[in-house]
1. What is the sum of charges around S109, taking Lys and Arg as +1, Asp and Glu as -1, for the other residues whose C-beta is under 14 Å from the C-beta of S109?
2. For G68, which sequence-distant residues (separation of 5 or more, or a different chain) have an amide H within less than 5 Å of its own amide H, given hydrogens modelled in the peptide plane?
3. How large a share of the accessible area of the range 97-146, in percent, is made up of carbon and sulfur atoms when the probe is 1.4 Å and the other protein chains stay in place?
4. Using only Cα atoms, locate the centre of the range 170-243 and the centre of the range 85-105, then give the distance between them in Å, rounded to an integer.
5. What is the gain in length, in nm to one decimal, between T181 and D207 on full extension, counting 0.36 nm per residue of separation less the C-alpha to C-alpha distance?
6. What whole-number value in Å² describes the accessible area per residue of the chain for a 1.4 Å probe?
7. Once ligands and nucleic acids are excluded and a 1.4 Å probe is used, how much of I31 is accessible, expressed in Å² to the nearest 10?
8. Given the rule -39500 (n - 2.57) for each run of at least 4 DSSP H residues, summed and divided by the residues of the chain, what is its mean residue ellipticity at 222 nm, to the nearest 500 deg cm²/dmol?
Amino acid sequence: MSTATLPHRVTPARVLRSEWHKFWTLRSTWITLAVTSALTLAMGAGLGAAYDGTGEGGMDTVVFVLLGTQFAQINLGVLGILATAGEYSTGQIRSTMTAIPRRLPVLWSKAAVLFAVALPLTLATNLLTFPLAQSFLSGTDQSASLGDPGILRALAGNAAGLALLAVLALGIGALVRSVPTAIGAFIGLVMILPEVLAMLPYEVVDDAVRYFPGKALETLTTAQPVPGAASPGAALLAMLLWTAAIIAVTSAVLRRRDV
């Protein structure tokens, strides 16, 4: 029998199917995804219902409606970290790497599965949250419709940014192999480091900070251009490069380091 017809031969499709099955059989997956959507929807509806038209000082309407995605950043980041660092903490990674000696297809399959789940989930949640919130915002300065300029682009941009952040977190988890350390590194990179650097009195630092993942996500979420911010295209490219860089570094380390 040739190797091409061996029933248990490891192939990229089988590795991908294995990671897909593993992803959906974890209870944490279902809980995290459900909580992510529920928080975004609840906050969007709650903010819309409570808004009286006087308190937000011209905040972009998509940013206002999707304030709940601040929690989605953390939830999806933790989900990505659990997909990699969680296996190291439980020791399951030894079984995975024994079954699939070539390590990189495992990492890439995990990233592909996570992105394939996170993108449609966040996009569908955004497309539900926006009209739900807008049902309460009619007649206020935050009133808008899906057909208004920049709205759909911002909703889709937010979803793409969140999905890329999840994959970035997955790469960090595989790199450091510790759930608490990976969560700290992810939050530090996305939320804390840009704010610290922004306090430095250097224009070049300000220019660089706008392309950090968290700031790029903010840009992608705005329907109207923000003075001094990166363009949506540049912000998306920055997030792609950050994610690709983390996955590339993790891939290089994974090839050289023992399980």
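1. Here the charged neighbours net out to +4.
2. Hits under the 5 Å cutoff: G44.
3. Taking all protein chains in place, the range 97-146 shows 70 percent carbon and sulfur surface.
4. The range 170-243 and the range 85-105 have Cα centres separated by 29 Å.
5. 6.5 nm
6. 49
7. The accessible area comes out at roughly 90 Å².
8. Details: 12 runs with 189 residues, N = 259.
Mean residue ellipticity, 222 nm, calculated: -24000 deg cm²/dmol.
The values are calculated or read from the model by the stated rules, or taken from the named source; none is laboratory data. Since this is a predicted model, take the numbers as computed values, not measurements. Cβ sites come from the backbone with ideal geometry, for glycine too, and all protein chains shown count toward neighbours. Accessible surface is based on the protein model in full, side chains and every heavy atom, while ligands, DNA and RNA are left aside. Shrake-Rupley method; radii C 1.70, N 1.55, O 1.52, S 1.80 Å.
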